[in-house]
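Notes for the one structure printed next.
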Amino acid sequence: MTLLNKTAVEENTFSKKKAKVKKNHWLEWKKALRKNWQLYLLLTPVIVYFLVFHYYPLYGLQIAFKDFVATKGITGSPWVGFKHFERFFDSYYFWRLIKNTIGIGVFTLLVSFPVPIIIALLLNEIKSLRFKKFVQTVIYAPHFLSTVVVVGMLLLFLKTDGMINQIIVLFGGTPLDFISEPAWFKSIYVLSDVWQTMGWSSIIYIAALAAVDPAQHEAAMMDGASKFQRIIHINIPAIMPTIIILFILNMGSVMAIGFEKVFLMQNDLNISSSDVISTFVYRSGILEAQYSFSAAVGLFNSIINFILLIMVNRVAKKVSDTSLW
């Protein structure tokens, strides 16, 4: 047999094996679908939701590289390359937007990320079930308040004649205009966010702590370990994979500052510290109808988040062998 014929036979054999493996996978998938069709049926609305509202809109991202004209549509609008990205990078607002967005995002991560972990560790040590449920109810409740209600409360409490300023005056201080002062914006935004989300965010850590083997604590107590030592050496290592995964996810959205709360808290006096990419996209795209430019700015923000997610995931995988993929 010649070398050419031998190669042809080997390729044919490989193709048959590949086709057989593919057929077997298809048969296994059909068998699983037939066996668990109820579960796949329940999953269908979720898949449809993501396809319609998250993946289908990706088709419109191309307007970031076009001069979009509504009458011509997306496909009929002319291509302009990176024109809108260059315009954003050269704009007067670029560094202010980047500084405010990263500043609020990092500040929120540094303050709001460890608080739910601490709360979960403390709740796990409460022995009284009634008191534990009461505390959980109190700290979970703010999560169910809408952003409008939370900002309304902030405006009510922090105005010049509000409750906070009345307390300041009571102790001999001078009233402060918290809402209009740019220096206070980030602190008010982050601390109110921690108050609203800390309880709900602690649920996943409480669930992870429930899986800790009580025998480990019993053995540690017999060895004379204190409660604090058991938290440090048993509880925290047990929930460390969960902490790492959630940290990666939070880093992947560090620049995805929520539009609603910033927009509601924003005014002409504090805009120098409250103007972020999401509010700039709203002004450019909705108010000024610069659809291509706003799409380019939004795409830039998403790309930065994606890069951060990949980098942090890779570092976490090398350091701790725990990662998203």
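The values are calculated or read from the model by the stated rules, or taken from the named source; none is laboratory data. As the structure is a prediction and not an experimental result, all values here were calculated from the model. A quick note on method: Cβ atoms are made from the backbone with ideal geometry, for glycine too, and the neighbour counts reach across all protein chains shown. With ligands, DNA and RNA removed, areas are computed over all heavy atoms of the protein, side chains included. Shrake-Rupley method; radii C 1.70, N 1.55, O 1.52, S 1.80 Å.
Observations
- Take the conditions (1) open to solvent by 100 Å² or more (accessible area, probe 1.4 Å); (2) not in a helix (DSSP H, G or I); residue 81 misses just one of them, which is (1).
- Some residue of the stretch 242-254 being over 19 Å from residue 109 (Cβ atoms), buried (at least 18 other Cβ atoms within 10 Å of the Cβ) and more than 14 Å from the chain's Cα centre (by Cα): no
- Filtering the stretch 84-132 to residues that are among the polar types (S, T, N, Q), closer than 30 Å to residue 229 by Cβ and part of a helix (DSSP H, G or I) leaves 112, 124.
- When the stretch 175-214 is filtered for residues that are within 13 Å of residue 124 (Cα to Cα), outside any helix (DSSP H, G or I) and among the small types (Gly, Ala, Ser), the ones remaining, listed by number, are 202, 211.
- Residue match in the stretch 50-67 (condition: among the charged types (D, E, K, R), over 23 Å from the mean Cα position of the chain (by Cα) and surrounded by 11 or more Cβ atoms within 10 Å (Cβ to Cβ)): yes
- The set of residues from the stretch 124-142 being open to solvent by less than 70 Å² (accessible area, probe 1.4 Å) and of a type outside the set (Phe, Trp, Tyr) comprises 124, 125, 126, 128, 132, 135, 136, 139, 141, 142.
- Answer from 129, 145 - the residue that is of a type outside the set (Val, Ile, Thr) and touching a residue at least 12 places away in the same chain (Cβ under 8 Å): 145
- Identity of the residue in the stretch 209-241, closer than 25 Å to residue 318 by Cβ and free of Cβ contacts under 8 Å to residues at least 60 places away in the same chain, that ends up most open to solvent (accessible area, probe 1.4 Å): 233
- Among the numbered conditions (1) open to solvent by less than 40 Å² (accessible area, probe 1.4 Å); (2) over 30 Å from residue 242 (Cα atoms); (3) without any contact (Cβ under 8 Å) to a residue 60 or more places away in the chain; (4) assigned to a helix (DSSP H, G or I), the only one that residue 169 does not meet is (1).
- Scanning the stretch 215-260 for residues that are small (Gly, Ala, Ser) and not in a loop (DSSP other than H, G, I, E, B), we see that the one that is farthest from residue 152 (Cα to Cα) is 219.
- In the stretch 65-78, the residues that are assigned to a loop (DSSP other than H, G, I, E, B) and of a type in the set (Lys, Arg): 72
- Residue check, residue 164 over 30 Å from residue 211 (Cβ atoms) and surrounded by 13 or more Cβ atoms within 10 Å (Cβ to Cβ): yes
- Condition broken by residue 289, with the remaining ones in (1) modelled with pLDDT under 90; (2) open to solvent by less than 40 Å² (accessible area, probe 1.4 Å); (3) under 18 Å from residue 87 (Cβ atoms) satisfied: (2)
- Leading residue by the ranking (farthest from residue 75 (Cα to Cα)) among those in the stretch 31-42 that are open to solvent by less than 80 Å² (accessible area, probe 1.4 Å) and either in contact with a helix residue (DSSP H, G or I) (Cβ under 8 Å, 6 or more places away or on another chain) or part of a helix (DSSP H, G or I) (or both): 32
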